[in-house]
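J.: Here it is: the structure, laid out below.
The values are calculated or read from the model by the stated rules, or taken from the named source; none is laboratory data. Everything numeric in this text was worked out from a predicted model, so none of it was measured. Glycine gets a Cβ as well: all are built from the backbone with ideal geometry, and neighbour counts include every protein chain shown.
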């Protein structure tokens, strides 16, 4: 009888050990899903939308909009990792710097991992990480090359006057969308674009500086600035 009991106990122990092992593997698998961001592994959402994540639904209660375009617009999402292009309805939130996508009756956000880009309303959004912040955001890519130019959006809430009611003026906070330009040099570092003309001109090589002078470009003007960046990158590429 004892050998039989011993055999049963051994069988039970084996089953228990197997159950513990499988449970640990399941837990481990759940913990490691969507962690490998540095190697551009996209967050798994669904088969059709493989790189989505939850987003904060909390928005400031203000007059105006934190969105560049309030309406949902078709966007093209490209992943350089698996060379996949997906069409989605999306909008850009300047308060969270997220690309939100419409998913049935709710919305989620795209994960700003390396290798992903979004074309939305004629603008190209790419991941950007500005020091000292640990958060990666989406920013508009204006010029890409050895000297790249980016536009970073933010939403600033202008508080209503504390005595608005007494002064009989509108007693509402309002939101203002702001823009800042950043550049990335050949070393890969991101810096805010200088405001002074001399420092701005010093970003370019001699050929580009001559081009700016000959073409009478005003680097304070957005279109002229982009023109100068494009010329610099083309000129650098030719001379490599």
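J.: Please identify the pairs in which a residue from region 99-120 that is more than 18 Å from residue 139 (Cβ to Cβ) has its Cβ atom under 6 Å from the Cβ atom of a residue that is modelled with pLDDT under 85 and part of a strand (DSSP E or B), counting only partners at least 6 apart or on another chain.
T.: 108/52
J.: Which residues, taken from region 187-233, are under 16 Å from residue 143 (Cβ atoms), in a helix (DSSP H, G or I) and without any contact (Cβ under 8 Å) to a residue 60 or more places away in the chain?
T.: Passing the criteria: 200, 208, 211, 212, 222, 223, 224, 227, 228, 231.
J.: Out of the residues in region 129-139 that are surrounded by fewer than 20 Cβ atoms within 10 Å (Cβ to Cβ) and in contact with a strand residue (DSSP E or B) (Cβ under 9 Å, 6 or more places away or on another chain), state the one that is nearest to residue 86 (Cα to Cα).
T.: 137
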